Amino acid sequence: MPPIDLSKLNGTEHDKVVDEIVRAAETLGFFQVVNHCVPLELMESVKDSAHKFFNMPPEEKVVYRKSVSPSLKMRYQTSFAPEIENVLEWKDYINMVYSSDEDALQYWPNQCK
């Protein structure tokens, strides 16, 4: 499947682009986008922050677990649930909600600021 051109979302091909996204998500489960206007430097910075967070020792990451996180705006979770899954798919992930610089500085790990 070819990359999906997001620059066309604001034009006459909006519905076509939406259909391409839906079709790719339903058939392949993933897709590549181009012309998304996200600067490369920002994408690299986010990737570096994620690497720093996931390379932290477990005892430092655990304070952000969903059940004990000091904020709903920062949660560290896992999808590993063998008791309810037919196919084991393990991924750890962080969910960081941005509402203001103040909240981000207060609740996000230093590695992700």
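Throughout, read-outs are computed from the coordinates displayed, never taken from laboratory work. Values in this document were obtained by computation on a predicted structure and should not be read as measured data. In this analysis, Cβ positions are derived from the backbone assuming ideal geometry, glycine residues included, and neighbour counts consider all displayed protein chains.
So the values come out like this:
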quantity	calculated
For the chain, share of DSSP beta bridges that run antiparallel, in % to the nearest 5	60
Net charge over other residues, Cβ less than 12 angstrom from the Cβ of LYS8 (K, R count +1; D, E count -1)	-4
Projected area averaged over orientations for the chain, convex hull of C-alpha atoms, nm²	9.8
With Cα atoms, 0 to 90° folded angle of helix 40-54 axis to the chain main axis	30
Lysines with Cα under 24 Å of LYS91, excluding same-chain neighbours fewer than 8 positions away	LYS47, LYS52, LYS61, LYS66, LYS73, LYS113
Sequence-distant lysines (8 or more away, or on other chains) whose Cα lies within less than 28 Å of LYS16	LYS8
GluC sites (Glu not before Pro) within segment 1-73, DSSP loop, no more than 14 other Cβ atoms inside 10 Å	GLU13
FRET efficiency estimate (nearest 0.05) - Cβ-Cβ, GLU59 to VAL18, R0 30 angstrom	0.10
Once exposed loop chymotrypsin sites (Phe, Trp or Tyr not before Pro) are cut out (DSSP; at most 13 other Cβ, 10 Å), longest piece of the chain	31-79
Two-site label geometry, ILE84 and GLN106: point separation in nm, points 7 Å out along Cα→Cβ	3.1
Between helix 14-27 and the chain: long-axis angle, C-alpha atoms, 0 to 90°, nearest 10	60
